[in-house]
Amino acid sequence: MEGVRFQALLKEYISGDISPAQHHELFTLIDSGLYNELLEENIAGMLQREQLVGADLAPHRAQRIVTNILSAERHTDKVFRLSKRRRSFSRWIAAAAVFTVIATAAYLLLNRPATPAHITYTAAVTDQLSTENTSVQPQRVQLEDGTAIVLQPGARITYARHFLGAKREVYLSGEAFFEISNSAHTPFLVYSNSIVTQVLGTSFSVLQNKLHNQVEVNVRTGKVQVFENPALLPAGESAAKGIILTPNQKGIYKNDKREFETTLVEAPEPLTADRHATAITPPAFVFEGKPIADVLSALEKAYGIEIVVENDNLYHCIFTGDVTEQSLYTKLDMITRVINATYEIKGTRILIKGSGCK
């Protein structure tokens, strides 16, 4: 992305005409750290025009202001609002500090507030809220519509103060788990890097895996649709084919290849488990001389995962055992060991391999 595009987005943000997609694109670029020098130049110029510092502002002082503003973003738990007489200056500071509204640069240079567990800001022009988890523990955020979000350390979520339109849209940086409040007429969209996850009511997690340059979506309940963010597509290119995910499925978007993969989550849970109940009674998996077909059918029904066999002779096998307390993959380890077989995950299915029984 060239500097001219960044400048154009910054101008839209300051004018208050920026769209949600452009807003996400702008702050994705700011988060990359590639445009810090450009931000410093803009802040220096704006501060001079506002006569908040001398006209001979040195570059290192502009850099110091940026550093302190970004530091303040991470060290305050207050929600700031714009006043009309400071709106012009504050818009520039908000753009540089990633939607933090600061009254004056001088105050920031002289104050160092204590570090809170999380931060909540008000966006300068778009009237959006943003919460960042700066602690080492998961942080729960409750939205106005009843949606609950658990932010992992370092994660940040940006959202509207009030969901008034036909869609509920939030912007995520980092990793978070979502429990979406049901609404048949207002879908919930999570913008995360290059992808969008859309649901009506469900629970899932989104992780931006920077190490592998990919974004992961794990579904716990309900059904979600994941697709590329149209606003971030290269000019003239069409979007990659999106995916539909159901419980215990994972979608992986590879940024470099611009393609989706589907597989199973690392720890599938029974579909009948109610995480909000005070006492959870897992389904019983006690088998006494049962055909392997019945055993696999019980697992399929409980976890919502298709299990297939490579060799029909496996259906002649019998299994006896209690695997109620084990995780799904441990269950499969125990069952396949008894019938002299193995299993592997093939996409969103589980394949049982072996010579079978006579």
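Values in this text are rule-based calculations from the coordinates and carry no lab data. Quantities reported herein were computed from a predicted structural model and do not represent experimental measurements. A quick note on method: Cβ atoms are made from the backbone with ideal geometry, for glycine too, and the neighbour counts reach across all protein chains shown.
I'd like the GluC sites (Glu not before Pro) in the stretch 160-260 restricted to DSSP loop residues with at most 15 other Cβ atoms within 10 Å, sorted by number.
Those satisfying the criteria are E237.
For each of Y253, Y171, count neighbouring Cβ atoms within 10 Å of the residue's Cβ, then give the residues from fewest to most.
The order, fewest Cβ neighbours first, is Y171, Y253.
Measure up K290/K331; K223/K301; K210/K301; K257/K353; K241/K331 against 25 Å on the Cα-Cα distance and list the ones that go over.
Violating the 25 Å limit, Cα to Cα: K210/K301; K257/K353; K241/K331.
By counting other Cβ atoms within 10 Å of each Cβ, how are H316, H185 ranked from fewest to most?
Ascending number of Cβ neighbours within 10 Å: H185, H316.
Compute the distance in nm between two label points, each set 7 Å from the Cα along the Cα-to-Cβ direction, one at S183 and one at H212.
Between S183 and H212, the simple spin-label model gives 3.3 nm.
What shape does the stretch 185-234 take by its C-alpha gyration tensor, where a ≥ b ≥ c are the square roots of the eigenvalues and a/c under 1.5 counts as rounded, a/b above b/c as prolate, and the rest as oblate?
Because a/c hits 1.5 or more and a/b fails to exceed b/c, the stretch 185-234 counts as oblate.
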